[in-house]
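The values are calculated or read from the model by the stated rules, or taken from the named source; none is laboratory data. In this text the structure is predicted, and so the values were computed from the model without any measurement. Please note: Cβ atoms are built from the backbone with ideal geometry, for glycine as well, and neighbour counts cover all protein chains shown.
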Amino acid sequence: MMPPARALLLVLCLALAAAGCGLAAPGGGDEQPKVTILGPWTDDQETRFKAVLDTLGTPYTYQGTAATREVLLAAVQAGNPPDIAILPGVGDLVEYAAERRLRPLGKGAGAKYGRPWQPEAKGIEADLWVPLKADLKSIAWYRKDRPPASAPAPLTSWCIGMGDDGASGWPGSDWIEDLILQTAGPVLYERWATGDLDWTDPRVVHAWTLWAGLLAQDPAAARRALLRDHRGPPGGSGLLFGGGCALEHQGSFARFFYGHDRDRAAFTDSAPLLPSGPRLKGREVSADFAALFGSSAEARELLTRLTSRRAQEEWGRRAGVFSPDSGVPARKGMVEKAISGRLTDQRVPLCLDASDVMPAAVRDAFYEAVLLTIAHPGAPVRDRLDDVQRVQEAQPDHTRRLTGVCSRPQ
């Protein structure tokens, strides 16, 4: 038997390894220390992202998880953050920046990105984060052989699933965000997203009521959405091809869910199909942002290379992703070109996903209100929004510093 002290040490080491604390460990043997990266891509997307990293010439260790925010928070609290963290939005990064946990990327690191891809935070140092990947959200997917009419669609037409490995409810938040953008416009949308407009404002209540009214058309169908994964059944072709429905309000990344049926999917602007009616006032978009938690020159250099046009083009070619860098050529293919065109169309305002720029506590309250509305669509909307407003009012001032969440039409 091994001595008790050694046995305890072994148990602690195994526990730390299981918790993912090996993320920041250097490479084994005589290898030089590796840059540690935490990101949201798993499975096939992880494989293709790592293939791009392999071309950059810097040893690295990548950990992919759908619960990026939670894993990063645990690592930071344990004093063992990754060198580079990639998050779906800047709301959390503002809080880390206020705590002085982020390292500068270098002056002008985000200079090539305009609004909304490079939002700024008042009173917080610039060049603390940079966008790596972009997605278009104000769209609805359909099967090419079943194009929809340009009119608000009933609930029975929509594929809706709230389940996710990380945070259930966010697909519903996209509905609310799109409705607020199309009914209130980008100026009020930005004020709401950044905490300058109350959740109980009549225009927010109106958009939320429209969505609750759609769900109330069939409460049983709405509740079934709580049990569905937004990606569809495991190993299937997403909700659109396996859910017995005709439309899906989902971002451009939904193509990855459709598998072999990807080429049978097409999309259109969501505005005409929403309960609010046909007018398009803006397009909701999202981005994955990278920040430095480590101070090594190798980590900073790797991130610089990853944001280069060469690496961005390579990532698009390998993985079919879209770059926030307007200098990166548009992808080939009709669907890809249509997405790229909307991401670079300067005539229509682009607005970052609101929940991604909100403080974590407000975002979580938002998701909870979404789930409760789906479960009880006939309940008073104002009660849900009162609850979120109380959470927002409890946040420290630094969480309301973001500006540039929406672009301005040119």
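Residues that are at pLDDT 95 or above, at least 3 per element: which helices (runs of 4 or more DSSP H) completely within the range 133-233 meet that?
Working: elements: 170-184, 186-193, 202-215, 219-227.
The qualifying helices (runs of 4 or more DSSP H) are 170-184, 186-193, 202-215.
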(message) Suppose the filter is touching a residue at least 40 places away in the same chain (Cβ under 8 Å), among the charged types (D, E, K, R) and under 18 Å from ALA365 (Cβ atoms); does ASP229 pass it?
(response) no
(request) Working only within the range 179-206, note down all residues that are under 14 Å from PHE366 (Cα atoms) and of a type outside the set (Val, Ile, Thr). (result) TRP192, ALA193, GLY195, ASP198, TRP199
(message) Could you check the range 47-70 and list, in sequence order, the residues that are of a type in the set (A, V, I, L, M, F, W, C) and out of contact with any Pro (no Cβ under 8 Å at 6 or more places or on another chain)?
(response) PHE49, ALA51, VAL52, LEU53, LEU56, ALA67
(message) Filter the range 102-122 down to the residues that are aliphatic (A, V, I, L, M) and assigned to a loop (DSSP other than H, G, I, E, B) and list them by number.
(response) LEU102, LEU105, ALA109, ALA111
(request) Report yes if ASP54 is loosely packed, with under 12 Cβ neighbours inside 10 Å, in the same structural domain as LEU302 (by TED's automatic domain parsing) and at pLDDT 95 or above, otherwise no. (result) yes
(message) Return the residues of the range 158-168 that are surrounded by fewer than 17 Cβ atoms within 10 Å (Cβ to Cβ) and over 13 Å from GLU368 (Cα atoms); say none if nothing qualifies.
(response) ASP164, ASP165, GLY166
(request) Of all residues in the range 239-267, count the ones that are in contact with a Cys (Cβ under 7 Å, 6 or more places away or on another chain) and either assigned to a loop (DSSP other than H, G, I, E, B) or surrounded by fewer than 21 Cβ atoms within 10 Å (Cβ to Cβ) (or both). (result) 2
(message) Testing GLU284 on (1) acidic (Asp, Glu); (2) surrounded by fewer than 20 Cβ atoms within 10 Å (Cβ to Cβ); (3) within 23 Å of the chain's Cα centre (by Cα), one condition comes back false. Which one is that?
(response) (2)
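Residues that are out of contact with any Gly (no Cβ under 8 Å at 6 or more places or on another chain), over 25 Å from LEU280 (Cα atoms) and not assigned by TED's automatic domain parsing to the domain that holds SER323: which helices (runs of 4 or more DSSP H) entirely in the range 342-410 hold 3 or more of them?
Because the criterion is at least 3 residues that are out of contact with any Gly (no Cβ under 8 Å at 6 or more places or on another chain), over 25 Å from LEU280 (Cα atoms) and not assigned by TED's automatic domain parsing to the domain that holds SER323, the helices (runs of 4 or more DSSP H) in the range 342-410 that meet it are 360-375, 381-393.
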(message) Go through (1) touching a helix residue (DSSP H, G or I) at 6+ places or on another chain (Cβ under 6 Å); (2) in contact (Cβ under 8 Å) with a residue 60 or more places away in the chain; (3) more than 23 Å from GLU46 (Cβ to Cβ); (4) hydrophobic (A, V, I, L, M, F, W, C) for VAL321 and report which single condition fails.
(response) (3)
(request) Would you confirm whether any residue within the range 169-181 is surrounded by fewer than 16 Cβ atoms within 10 Å (Cβ to Cβ), out of contact with any Ser or Thr (no Cβ under 7 Å at 6 or more places or on another chain) and touching a residue at least 12 places away in the same chain (Cβ under 8 Å)? (result) no
(request) Show the residue pairs that are 6+ apart or on different chains and have beta-carbon atoms under 7 Å apart, the first residue being within the range 376-400 and closer than 14 Å to LEU215 by Cβ, the second being in a helix (DSSP H, G or I) and of a type in the set (S, T, N, Q). (result) VAL381/THR209; ARG384/THR373
(request) Considering only residues that are aliphatic (A, V, I, L, M) and assigned to a helix (DSSP H, G or I), look in the range 307-341 and name the one that is nearest to ALA134 (Cα to Cα). (result) ILE339
(message) Cβ-Cβ distance below 6 Å, separation of 6 or more or different chains: which pairs start in the range 329-357 with a residue that is without any contact (Cβ under 8 Å) to a residue 60 or more places away in the chain and surrounded by 14 or more Cβ atoms within 10 Å (Cβ to Cβ) and end on one that is assigned to a helix (DSSP H, G or I) and not polar (S, T, N, Q)?
(response) ALA330/LYS337; ARG331/GLY316
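Would it be correct to say that GLY294 is farther than 30 Å from GLU70 by Cβ and surrounded by fewer than 20 Cβ atoms within 10 Å (Cβ to Cβ)?
Working: farther than 30 Å from GLU70 by Cβ: no; surrounded by fewer than 20 Cβ atoms within 10 Å (Cβ to Cβ): yes.
Taking the combined requirement at face value, the residue does not satisfy it.
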(message) Step by step: first the residues of the range 203-238, then only those that are under 19 Å from the mean Cα position of the chain (by Cα) and under 23 Å from PRO272 (Cβ atoms), then the one that is surrounded by the fewest Cβ atoms within 10 Å (Cβ to Cβ). Which residue is that?
(response) HIS230
